[in-house]
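What follows is a short report on a single structure.
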Amino acid sequence: MEIKEGVMVPLGYGKFARSDKIISLEPIEDDRGPGRRTVVYVEEVKSPIIASKTENSILARMVEIPRNELEASAALELLYDIGDDIGQIGPMLRKSIKKEANFDLDRIEKRINEIIQHEIEFDGIH
């Protein structure tokens, strides 16, 4: 990956940073929500910037990456987020959802884990 020089990268809500000045991107895991997706560390800025964009969205503007790689990375990130959210749903609610909506969260969670494990085994990304 090569960083584009001097490109202004939107971080959301009117915040921008130069692509070649961004040092690191850290996804926010706890208290993540609208306006709180990524911690961005910028060269010569004392405090990190809280961005409303995901790390993949910011990275896409910083570097030249083929579109299919960005889409795959974003899809994998979404699977992780959905898997985490499904993991928070208790067994009683799962049964109710399955009965009322014929939506099997256990099956979906299992499939997400299979996809993530495949990614881990072959690419070593996470």
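The values are calculated or read from the model by the stated rules, or taken from the named source; none is laboratory data. As the structure is a computational prediction, the values presented were derived from the model and not from experiment. Neighbour counts are summed over all protein chains in view; Cβ atoms, including those assigned to glycine, are modelled from backbone coordinates with ideal geometry. Remember, those area values only see protein heavy atoms, side chains included, never the ligands or the DNA or RNA. Shrake-Rupley method; radii C 1.70, N 1.55, O 1.52, S 1.80 Å.
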Report which label in (1) 2, 8, 11, 10, 8, 8, 9, 9, 8, 7, 6, 5, 4, 3, 2, 1, 0, 0; (2) 2, 10, 16, 17, 17, 14, 11, 7, 4, 3, 1, 0; (3) 2, 12, 23, 25, 20, 10, 5, 2, 1, 0, 0, 0 holds the value of P(r) over Cα pairs in 5 Å bins from 0, in percent derived from the coordinates of this structure. (2)
Probe 1.4 Å, all protein chains in place: accessible area of Asp30 in Å², nearest 10? 120 Å²
I need the calculated FRET efficiency for the pair Lys4 and Glu77, taking r as the beta carbon distance and R₀ as 25 Å, to the nearest 0.05. 0.70
May I ask which of Lys53/Lys99; Lys53/Lys95; Lys4/Lys53 have a Cα-Cα span longer than 28 Å here? Lys53/Lys99; Lys53/Lys95
With DSSP loop assignment and no more than 12 other C-beta atoms within 10 Å, the chymotrypsin sites (Phe, Trp or Tyr not before Pro) in the stretch 1-102 are Tyr13
Taking all protein chains in place and a 1.4 Å probe, what share, in percent, of the accessible surface of the chain do carbon and sulfur account for? 52 percent
The chain, accessible area per residue, ligands and nucleic acids excluded (1.4 Å, Å²): 71 Å²
How about the stretch 67-96: which trypsin sites (Lys or Arg not before Pro) there are in a DSSP loop, with at most 11 other Cβ atoms within 10 Å of their Cβ? none
Can you order the peptides 83-91, 48-56, 32-40 by their average number of other Cβ atoms within 10 Å per residue, highest first? 48-56, 32-40, 83-91
